[in-house]
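First the structure, in the form of structure tokens, and then the observations on it.
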Amino acid sequence: MDKIVEKYKFELLPAYSKYKSVAILNQKGATISFLIPYYEKQKLKRNLKKAFYNYLNFVKIQEDCPEDFKKEACVKFVYGSKDNLKNTYHKKEREAL
């Protein structure tokens, strides 16, 4: 991944992710996919969208803003089991080491 793009990657704090049962599956610039376990978590989905849009607004005003971040924002939610979330957490923890 490009250093500039890596610099502007959207991330959630691990404690927030585990407490709220949410994980980032992937991100490519202004497009992001979150993994959440339940359809009915409307408030969580609203908060994640708001946080991501605010973050994109911040990135777009930077002088070295990558082109992928200048596109229209797209937030997707993928519904999975608690096991899917645990596997995603463990994968992210291994990547961080």
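For the chain, what is the mean residue ellipticity at 222 nm derived from helices alone (per DSSP H run of n ≥ 4: -39500 (n - 2.57); sum divided by total residues; nearest 500 deg cm²/dmol)?
Values: 4 runs with 46 residues, N = 97.
Result for the chain: -14500 deg cm²/dmol, rounded to the nearest 500.
Test of the criteria: in the stretch 1-74, which GluC sites (Glu not before Pro) are in a DSSP loop and have at most 13 other Cβ atoms within 10 angstrom of their Cβ? Kindly include the intermediate steps, with their values, before the conclusion.
On the way: sites: 6, 11, 40, 63, 67, 72; in loops: 11, 40, 63, 72.
Of the GluC sites (Glu not before Pro), the ones in loops of the stretch 1-74 whose Cβ has at most 13 other Cβ atoms within 10 Å are 11, 40, 63, 72.
Where the only charges are on Cβ atoms (+1 Lys, Arg; -1 Asp, Glu), what is the dipole of the chain about its Cα centre, to the nearest 20 debye? Before the final figure, lay out the partial values.
Numbers: 21 positive and 12 negative charges, 104 e Å.
Once rounded to the nearest 20, the dipole reads 500 debye.
Please work out the average accessible area per residue across the chain, using the 1.4 Å probe convention, and give it in Å².
Details: 6820 Å² over 97 residues.
So the chain comes to 70 Å² accessible per residue, rounded to a whole number.
For q = 0.13, 0.17, 0.23, 0.25 Å⁻¹, what log10 I(q)/I(0) does the chain give under the Debye formula with an equal point scatterer on each alpha carbon and no solvent?
-0.46, -0.77, -1.26, -1.38
I'd like the orientation of helix 82-96 relative to the chain: the angle between its Cα long axis and the longest Cα principal axis, in ° from 0 to 90, rounded to 10.
50
Could you tell me which chymotrypsin sites (Phe, Trp or Tyr not before Pro) in the stretch 34-97 are loop residues by DSSP with no more than 15 other beta carbons within 10 angstrom of their beta carbon?
On the way: sites: 34, 38, 39, 52, 53, 55, 58, 69, 77, 79, 89; in loops: 38, 39.
Those that pass, being in a loop and sparsely packed, are 38, 39.
So, with a 1.4 angstrom probe, what is the percent of accessible area on the chain that is carbon and sulfur?
On the way: 3610 of 6820 Å².
Carbon and sulfur: 53 percent of the exposed surface of the chain.
Enter the angle in degrees (range 0 to 90, nearest 10) between the Cα long axis of helix 42-60 and the first principal axis of the Cα atoms of the chain, meaning the one along which they spread out most.
The angle comes out at about 20 degrees.
The values are calculated or read from the model by the stated rules, or taken from the named source; none is laboratory data. The structure displayed is predicted, hence computed values, not measured ones. Please note: Cβ atoms are built from the backbone with ideal geometry, for glycine as well, and neighbour counts cover all protein chains shown. Note: areas computed on protein heavy atoms with side chains; ligands, DNA, RNA excluded. Shrake-Rupley method; radii C 1.70, N 1.55, O 1.52, S 1.80 Å.
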